[in-house]
Each structure stands twice: as structure tokens, then as C-alpha cells.
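The values are calculated or read from the model by the stated rules, or taken from the named source; none is laboratory data. Please read all numbers here as calculations on a predicted model, not as lab measurements. Using ideal geometry, Cβ is built from the backbone for each residue, glycine included, and neighbour counts are taken over all protein chains shown.
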Amino acid sequence: MTGALYCRSRRRGVACARELDHRGLHHARGTNLLWQDADADPPECPGSGLAAQPAATLPNGFPGGRALCPECLGFFALAEGHLVPHERWAGQATDADAADRREWFNTIGW
């Protein structure tokens, strides 16, 4: 595991800088912005439902037919040419995922 994934909560589009499943208020790094869950933006990424195409593929097959969300920079499945509804990407789950993302952005970019 590459370490803690980050909290997906956002307020006015600003991401919480704390680890996933943290206790207490959400906090945006470098600001005085604090918020509770009731004040958070809706969890669904604004990129959900956008028209998209499968991203270019690395030799190992990554990202497996998924498209890059321009809002949260996560790779998500497509349904009829549109990004499926999803929560904002919160970080890779494994070292292998991190390596594949790093390779994709360094080789192909966005």
C-alpha cells in the first residue's frame, strides 16, 4: 500500500487534505477553510456523465478501457460514451496502481 488515501470531501471545490476516514472536521491545506460533512459539496464528481473516450493504453493494458475524468483525474468506466457516475478519485489503492498511473502520465500525459 502506498500510504493513506485522501479524504474525498470537498467544500466549494477545495479538497480536504486529511487521510481517508479521518476523525473531526475536514481541512483544506494552506487555508483556514474547515467544514463538517453537512457543509460538504455533494460526493459525486462533477465529471460524472461527461462525454469521454477510452484513454490511450500502456503496453501492459493500463487503464483497461477506462477514460480519464478531467475533473478529478481518476480513470473510470464509460457507459455509452460518457463517464459513469463516480465519486472524486482519492488516490491509488496499491503501489502497482501508483506505478501504472505514473507511467501513464509520464508517457502519454493528458
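Summary of values
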| read-out | value |
| --- | --- |
| Output for the range 45-58, where each listed residue is assigned to a strand (DSSP E or B) and surrounded by 15 or more Cβ atoms within 10 Å (Cβ to Cβ) | none |
| Matching residues in the range 34-44 - criterion: being modelled with pLDDT of 90 or more and either crowded, with 17+ Cβ neighbours inside 10 Å or part of a loop (DSSP other than H, G, I, E, B) (or both) | W35, Q36, A40 |
| Long-range neighbours under 9 Å by Cβ, at least six apart or interchain, first residue closer than 16 Å to W89 by Cβ within the range 31-48, second modelled with pLDDT under 90 and hydroxyl-bearing (S, T, Y) | D41/S9; P43/S9 |
| Output for the range 68-110, where each listed residue is over 12 Å from the mean Cα position of the chain (by Cα), small (G, A, S) and not in a helix (DSSP H, G or I) | A77, A79, G81, G109 |
| Selection count where residues are farther than 22 Å from C7 by Cβ and either touching a Pro at 6+ places or on another chain (Cβ under 7 Å) or surrounded by 15 or more Cβ atoms within 10 Å (Cβ to Cβ) (or both), scope the range 59-76 | 5 |
| Qualifying position, being surrounded by 15 or more Cβ atoms within 10 Å (Cβ to Cβ) and out of contact with any strand residue (DSSP E or B) (no Cβ under 9 Å at 6 or more places or on another chain), among H22, H86, H27 | H22 |
